[in-house]
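A short worksheet on the structure shown next.
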Amino acid sequence: MLVEGAKAPNFTLPDKNGNLVSLSDFLGKKVVLYFYPKDNTPGCTRQACAFAGAYNGFRQKDVEVIGISRDSVASHAKFAEKHNLPFVLLADTELEAIRAYGVWQEKKLYGKTSMGVVRTTFIIDENGNIQKIMPKVKPDTNAAEILAQL
């Protein structure tokens, strides 16, 4: 279980263009790292669009935004193009970062239990440490809440 103040687990995953991106690439910058269940679903689309809408505010504060889900590189490319998403989307098809950050959890929906990604946001400081953990965030308000905290 990750805790605030701990070193953020490093990872290397492909982005929407297939380029490998590591968390360590962003040392010296604050990073908003958000995990979400699936491209093009209603809640995930609202959350991504909210981050896109607030993106200039994050850039003004020199903060990088990274979204991670289990979706493929091709899925991320279509999702980013369809919704004009200006930030980094990473494909974690092998659940490397998803498991390292503890967001692969049992979920219940309509009485059915399954494993899935629990929508969670982490703020990583310039030194690569977890500054804040925000579990079970609301897709519509997550970006604005973070921007207000920064």
- Message: Conditions first: (1) surrounded by 13 or more Cβ atoms within 10 Å (Cβ to Cβ); (2) modelled with pLDDT of 90 or more; (3) not charged (D, E, K, R). Leu150 passes all but one, so which condition is the exception?
- Response: (2)
- Of the residues Lys16, Lys7, which single one is touching a residue at least 60 places away in the same chain (Cβ under 8 Å), among the charged types (D, E, K, R) and surrounded by fewer than 18 Cβ atoms within 10 Å (Cβ to Cβ)? Lys7
- Task: Kindly indicate whether Ile133 is surrounded by 15 or more Cβ atoms within 10 Å (Cβ to Cβ), more than 11 Å from the chain's Cα centre (by Cα) and not in a loop (DSSP other than H, G, I, E, B).
- Result: yes
- Task: Answer yes if at least one residue in the range 38-54 is at pLDDT 95 or above, among the aliphatic types (A, V, I, L, M), part of a helix (DSSP H, G or I) and touching a His at 6+ places or on another chain (Cβ under 7 Å), and no otherwise.
- Result: yes
- Task: Go through (1) small (Gly, Ala, Ser); (2) part of a loop (DSSP other than H, G, I, E, B); (3) surrounded by 17 or more Cβ atoms within 10 Å (Cβ to Cβ) one by one and return the number of the condition Gly102 breaks.
- Result: (3)
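The values are calculated or read from the model by the stated rules, or taken from the named source; none is laboratory data. Just so we're clear, the structure is a prediction, and the values are computed from it rather than from any experiment. Methodologically, a virtual Cβ is constructed for each residue, glycine included, from the backbone with ideal geometry; neighbour enumeration extends over all protein chains shown.
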